[in-house]
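**Student:** First the structure, then my questions, so here it is.
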Amino acid sequence: MTELHLWLRHEARTTERRTPVVPADARRLVAHGVRLTVEESPQRIFPLEEYAAAGCGTAPAGSWVTAPPDAVVLGLKELPGEPPALTHRHISFGHAYKGQPGAADLLRRFAAGGGALLDLEYLVDEHGRRLAAFGFWAGYLGAALTVLRHRGRLTAPLRPTGREELDAALQRAAGDEEFTALVIGALGRSGRGATAALDTAGVTATRWDLAETRDLDRPALLAHDAMVNCVLATAPVPPFLRETDLDDPARRLRTLCDVTCDVGSPLNVLPVYDRTTDWAAPARRLREDPPLDLIAIDNLPSLLPRESSTDFSAALLPELLGFGTSAAWRRCLDRFHQACRELGIDEGRSRHD
Ligand SMILES: NC(=O)c1ccc[n+]([C@@H]2O[C@H](COP(=O)([O-])OP(=O)(O)OC[C@H]3O[C@@H](n4cnc5c(N)ncnc54)[C@H](O)[C@@H]3O)[C@@H](O)[C@H]2O)c1
């Protein structure tokens, strides 16, 4: 078998401090004969020196475009807009299979270059369960920001922090006025994270999952002070909230956090807003009287970059060691080809079948 060459790229988004492989796991990959090149990155939470000390090669930020053709480019979030044709295999979150804005353009770039997207969201076992995910920390942060906003203690811009500091802020807020919180998608990874953060803040969450939303009780939803949406939608369902619900005079809901962030997708269960919020302005007022604030940040785990990267990397490591032989990567590649077919994108003869 040819040696696996992984190329860990710099993340284009300036607030993205996470990495899919931490230096301790880089050392394990190298020990197993994987060649790992790591790009310089000013914002990555782990310095380049730690990777170099682990036996990795180093390269300038963005140099993946000229990486050897068989290198597998590893990253997390969006690729820069250039080059127009993508020739490599890329392991990352593409957010391109649910009709999201820009999805077709990204897949066309892969088709144009003969490259392939191995989307981490679709790296699953034989039962369809995700093998590496940031969900727990997304939910934890989403609920933590909700508590801080609800209690008037959220300051902007947001800055990455560590778990101890975050938990201390939640506990400081615990003595404030009590409120009720609903977590939807509570049985999943982010739902469990959201529940854990609310626990830390001294708030006992109402927990709903599929069984409780099948026949949705919107008045009960609106009777909570805060709501954290953590569902992973795979088929369209009636929206949890509609514009008219926000104007319901009986609405108690004041803080709405959408961890799922499916805005723009046909699967969106919260079609009451049209754009996400961000670290500079984490909350946006949707209604004035009574107030309703939205938090919809699509890179929440990056606010706890060390903890979330370490957990993710530990889950990804065995999959990377099985690259080229495991059925999970085959499923990932098949899903990419399927997505291209569904959009009528002609891949011609793909280099990576
Ligand atoms: N904002 C961010 O930074 C961020 C980061 C990571 C993940 N996410 C997103 O968070 C979402 C959840 O991810 P996860 O890892 O927790 O997924 P998961 O599969 O672990 O859990 C999803 C849960 O949602 C439930 N669910 C699905 N449809 C439902 C419905 N109609 N009603 C009630 N419950 C329903 C499922 O039963 C499951 O328990 C995903 O959309 C993911 O893309 C966001």
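The values are calculated or read from the model by the stated rules, or taken from the named source; none is laboratory data. The model shown is predicted, which means the values in this text are computed figures rather than measured ones. Counting neighbours? That spans all protein chains shown, and the Cβs are built from the backbone with ideal geometry, glycine included.
Matching residues to (1) within 14 Å of the ligand (Cβ to nearest atom); (2) within 18 Å of Ala194 (Cα to Cα); (3) buried (at least 19 other Cβ atoms within 10 Å of the Cβ):
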residue: Ala226; (1), (2), (3): no, yes, yes
residue: Val231; (1), (2), (3): yes, yes, yes
residue: Leu241; (1), (2), (3): yes, no, yes
residue: Cys261; (1), (2), (3): yes, yes, yes
residue: Pro305; (1), (2), (3): yes, yes, yes
residue: Ala315; (1), (2), (3): yes, no, no
residue: Pro318; (1), (2), (3): no, no, no
residue: Ser326; (1), (2), (3): no, no, no
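**Student:** For segment 240-279, name all the residues that are among the hydrophobic types (A, V, I, L, M, F, W, C) and on the phi > 0 side of the Ramachandran plot. Before you say what the answer is, go through the steps one by one.
**Tutor:** Pass one, segment 240-279, residues among the hydrophobic types (A, V, I, L, M, F, W, C): 240-241, 246, 250, 253, 256-257, 259, 261, 263, 267, 269-270, 272, 279.
Within segment 240-279, just Cys261 meets the criteria.
**Student:** Return yes when Leu304 is within 15 Å of the chain's Cα centre (by Cα), at pLDDT 95 or above and not β-branched (Val, Ile, Thr) and no when it is not. Walk me through how you get there before you give the answer.
**Tutor:** Working: within 15 Å of the chain's Cα centre (by Cα): yes; at pLDDT 95 or above: yes; not β-branched (Val, Ile, Thr): yes.
So Leu304 fits the description; yes.
**Student:** Let me ask something else about it. For a quick check of your reading: which strands (runs of 3 or more DSSP E) sit entirely within segment 1-83 and have at least 2 residues that are touching a residue at least 12 places away in the same chain (Cβ under 8 Å) and either more than 22 Å from Arg108 (Cβ to Cβ) or among the basic types (Lys, Arg) (or both)? It would help to see each step written out before you state the result.
**Tutor:** Working: elements: 5-8, 35-39, 57-59, 72-74.
Counting at least 2 such residues, we get 5-8, 35-39, 57-59.
**Student:** Checking Arg192 against (1) within 16 Å of the ligand (Cβ to nearest atom); (2) over 18 Å from Glu307 (Cα atoms), which single condition isn't satisfied?
**Tutor:** (2)
**Student:** In the list Ala181, Ala96, Ala201, which residue meets the criterion of being buried (at least 20 other Cβ atoms within 10 Å of the Cβ) and in contact with a Lys or Arg (Cβ under 9 Å, 6 or more places away or on another chain)?
**Tutor:** Numbers: Ala181 fails: in contact with a Lys or Arg (Cβ under 9 Å, 6 or more places away or on another chain); Ala96 fails: in contact with a Lys or Arg (Cβ under 9 Å, 6 or more places away or on another chain).
Result of the check over Ala181, Ala96, Ala201: Ala201.
**Student:** Let me ask another. Is it true that some residue in segment 190-198 is under 18 Å from the mean Cα position of the chain (by Cα) and within 14 Å of Asn268 (Cα to Cα)?
**Tutor:** There is no residue in segment 190-198 that is under 18 Å from the mean Cα position of the chain (by Cα) and within 14 Å of Asn268 (Cα to Cα).
**Student:** Of all residues in segment 99-150, which are free of Cβ contacts under 8 Å to residues at least 12 places away in the same chain and more than 15 Å from Ala315 (Cα to Cα)?
**Tutor:** Result: Gly102, Asp105, His127, Gly128.
**Student:** Also, quick follow-up: Return a yes/no flag: does segment 273-296 have any residue that is under 19 Å from Arg189 (Cβ atoms), within 13 Å of the ligand (Cβ to nearest atom) and buried (at least 17 other Cβ atoms within 10 Å of the Cβ). Talk me through it step by step, then tell me what you get.
**Tutor:** Taking segment 273-296 first, the residues under 19 Å from Arg189 (Cβ atoms) are 295-296.
Pick out the ones that are also within 13 Å of the ligand (Cβ to nearest atom) and you get 295-296.
Next, from what is left, pick out any that are buried (at least 17 other Cβ atoms within 10 Å of the Cβ): 295-296.
Yes, segment 273-296 contains a residue that is under 19 Å from Arg189 (Cβ atoms), within 13 Å of the ligand (Cβ to nearest atom) and buried (at least 17 other Cβ atoms within 10 Å of the Cβ).
**Student:** Another one. For segment 153-180, how many residues meet the condition of being within 16 Å of the ligand (Cβ to nearest atom) and part of a helix (DSSP H, G or I)?
**Tutor:** Of the residues in segment 153-180, 1 are within 16 Å of the ligand (Cβ to nearest atom) and part of a helix (DSSP H, G or I).
**Student:** Sort out which residues of segment 136-159 are buried (at least 24 other Cβ atoms within 10 Å of the Cβ) and more than 18 Å from Leu253 (Cβ to Cβ), and write them in order of number.
**Tutor:** The answer is Trp137, Ala138, Gly139, Tyr140, Leu141, Ala144.
**Student:** When residues of segment 99-128 are filtered for being over 16 Å from Lys77 (Cα atoms) and within 16 Å of the chain's Cα centre (by Cα), how many remain?
**Tutor:** Going through segment 99-128 one residue at a time, the tally reaches 1.
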